[in-house]
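Visitor: One structure is given below, represented as structure tokens, and several questions about it will come after.
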Amino acid sequence: EMRGAGVLHPVSREGVSDTDFGTREFATLDGDGNLLTFFRWVEYAEPAEIMRRYVDAMRGGDWDAGIAFFADDIVIRIPGRSEFAGEHRGRQAAVDYIAAAVARARGHEVEVELVDMLVSGDRVALVVRERFGREGGALEISRVNLYRVRGDRIAEIAIFEGDQYEMD
């Protein structure tokens with residue numbers, strides 16, 4: 001006799017528990033507690049929410065929390081003719097680019113203003129105004145960063161400069 005069959009219970013192999021962010025494991029059990037079926041349900045925040053969290057972390061100076069949103073296999077595309085231009089792969093390459101961009105401010109403040117966020121499916125465009133402090137006055141740039149979100153991670157970043165000549 002199968003009493004209680006078909007009832008969903010959150011379980012793991014060690015017993016009832018939640019798993020990582022956005023993931024729940026479910027099982028159907030018979031009346032004696034024997035496992036009949038097991039499946040994992042993964043929920044992710046919407047891409048706009050992922051990007052809000054990312055922007056909040058980066059603007060708040062919590063680089064580790066911001067970088068944690070990058071997929072291990074992230075692809076970042078940087079336009080222009082500078083030494084940074086081209087396609088770079090992997091979390092470390094993205095981290096290196098951000099660190100190099102911030103280093104150009106040479107200890108001066110870097111400000112990022114989010115002008116707008118546009119969302120379409122798994123793509124999010126951030127229209128930003130950035131101000132880099134530097135000797136002889138601040139450099140203010142406008143750009144659009146186009147992100148592709150995969151699950152709860154940023155998988156791609158493509159940068160489009162408002163004034164490519166100034167950036168090169």
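Visitor: Starting from the amide H of F84, placed 1.01 Å from N in the peptide plane, find each other amide H under 5 Å away whose residue is 5 or more places distant or on another chain.
Guide: The answer is none.
Visitor: Near the amide H of R150, under 5 Å away, which other amide H atoms are found, from residues 5 or more places off or on another chain, if H is placed in the peptide plane?
Guide: Long-range HN contacts for R150: A155.
Visitor: Determine ³J(HN,Hα), in whole Hz, for all residues of the stretch 69-76 in sequence, where each value follows from phi through the Karplus function 6.51 cos²θ - 1.76 cosθ + 1.60 and θ = phi - 60°; x replaces Gly and Pro.
Guide: Once rounded to whole Hz, the list reads 6, 6, 5, 4, 9, 3, 10, 10.
Visitor: Using amide H atoms built 1.01 Å from N in the peptide plane, name the residues 5+ places from F70, or on other chains, whose amide H lies under 5 Å from its own.
Guide: The answer is I154.
Visitor: Full extension from D62 to A45: what is 0.36 nm times the residue separation minus their Cα-Cα distance, to one decimal in nm?
Guide: 4.1 nm
Where a number appears in this text, it was derived from the coordinates with a stated rule and is not lab data. Predicted model only: the values in this text are computed from it and were never measured.
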